[in-house]
Amino acid sequence: MFVLETKDLTYVYGAGTPFHKTAVNRVSVGIERGEFLGIIGHTGSGKSTFIQTLNGLLRPTSGTVLLNGKDIWAEPKKIRSVRFRVGMVFQYPEHQLFEETVLKDICFGPGNMGLSAAQAEERARRAAKFVGLDNELLGKSPFELSGGQKRRAAIAGVIAMDPDVLVLDEPTAGLDPQGRDMLLEQISAYHRARGSTVILVSHSMEDIARFADRVLVMNEGRAVMLDKTKNVFARGRELEAMGLRVPQITSILLTLREKGYPVRPVLTVDEAVEELRPLLRKGGAHHAQ
C-alpha cells in the first residue's frame, strides 16, 4: 500500500467563475513509504498546488487523496490530524517563526498535537539536533538567528511532529550554496535515520539528482513522468522541451550518447568519470599507436 496516493486528482482555482484555472489536472500517482521523492516542473506547472492537496490545505475539486489507503477527506472534521501526519514546510518557512525562543517555536507543533510539555520539549530537542541547531541557540529569540538557522528552526518545528511524510517546497530558496548543501544533507540524514517519506519540490535539478530516489515531473497541471531518478533524467531532451534544465553533467553525457559514444546518462561527476574512463583509455591507446 502506498503511504500517499492520488486518484484523478484535480484542483481548479476560481471554479465556476470566468477566472477559473485548472492547476492540477487528473493526477493519479502513488508515493512509496520511506522513499525520497523529488518533484520538478516549470513555474506554474502545478507543483505547489499538488503538494498542498496532500495534507488537506487545499481540498480537491474532484478526485481523492489517500493516506495509508484512506481518503483524507472522508471525515472533514479530522483533517487537522492529517496535517500532523503529512508535515508541510513552505518556501521561506522562517516567516512563520513567532515564539519568544527557538525551543518554544519548535515545541509549538507537538504541543498542538496534545503532547505534554516534557514530551514536546523532548521531540523539539531531537528535531533541533537533526537539523544541526546547537543547544545554545534554543534559548535565543528566533529573530537573533541567521537566515540559514531560521530555516533550520522552522523545519525542525515540522520534524518535531514526527510526520509520516515530510513535504518541503523549495526549502533552500534564498540560501547561499554552503547553506543549501548543509540543509539538504541534514534533510537526507533525517530521511535515512527516521525512514520517513520525504517529498522535495525544487527548481534545482542537481539537488533532485543527488537526493531523490524517484522523480515526479509536472507539466501544465499533469503528471507526465514518475520514475527512478536516473530514468527521468535519461529523458533529458524531453525535460528540456518542457523548459527544465537537466544537471549539466547529465546534459554532457546525453550529448556524447547522441554523437554515438557508448555512454549512459549519469547524475554526478563521479559517475561520469567512471562512465568515461573506458573511452579515455581506448582513445589513449589509439593515440599511442
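The values are calculated or read from the model by the stated rules, or taken from the named source; none is laboratory data. If you're wondering where the values come from, they're calculated on a predicted model, not measured in any experiment. Note: ideal-geometry Cβ built from the backbone for every residue, glycine included; neighbour counts use all protein chains shown.
Structure above, values below:
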read-out: Residue satisfying all of: in the stretch 238-260; charged (D, E, K, R) and either in a loop (DSSP other than H, G, I, E, B) or surrounded by 13 or more Cβ atoms within 10 Å (Cβ to Cβ) (or both); modelled with the highest pLDDT among these; value: Glu238
read-out: Positions within the stretch 1-47 being outside any strand (DSSP E or B) and among the aliphatic types (A, V, I, L, M), in sequence order; value: Met1, Val3, Ala15
read-out: Val86 vs. criteria modelled with pLDDT of 95 or more, under 22 Å from the mean Cα position of the chain (by Cα), farther than 30 Å from Thr17 by Cα and surrounded by 15 or more Cβ atoms within 10 Å (Cβ to Cβ); value: yes
read-out: Any hit, the stretch 14-35, residues being at pLDDT 95 or above and aromatic (Phe, Trp, Tyr); value: no
read-out: Which numbered condition Ala74 misses (of (1) modelled with pLDDT of 95 or more; (2) touching a Ser or Thr at 6+ places or on another chain (Cβ under 8 Å); (3) surrounded by fewer than 22 Cβ atoms within 10 Å (Cβ to Cβ)); value: (2)
read-out: Some residue of the stretch 117-137 being surrounded by fewer than 18 Cβ atoms within 10 Å (Cβ to Cβ) and either of a type in the set (Ser, Thr, Tyr) or closer than 29 Å to Lys21 by Cβ (or both); value: no
read-out: Qualifying residue in the stretch 158-165 (condition: more than 27 Å from Ser116 (Cα to Cα) and crowded, with 19+ Cβ neighbours inside 10 Å); value: no
read-out: Sole exception among (1) closer than 27 Å to Ala173 by Cβ; (2) surrounded by 13 or more Cβ atoms within 10 Å (Cβ to Cβ) for His95, by number; value: (2)
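Each row is one residue, and each column tells you yes or no for (1) under 22 Å from Gly34 (Cβ atoms); (2) assigned to a helix (DSSP H, G or I); (3) in contact with a Gly (Cβ under 7 Å, 6 or more places away or on another chain); (4) not polar (S, T, N, Q).
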| site | (1), (2), (3), (4) |
| --- | --- |
| Thr49 | no, yes, no, no |
| Leu57 | no, no, no, yes |
| Pro60 | no, no, no, yes |
| Ala74 | no, no, no, yes |
| Ile79 | no, yes, yes, yes |
| Glu100 | no, no, no, yes |
| Glu121 | no, yes, no, yes |
| Ala124 | no, yes, no, yes |
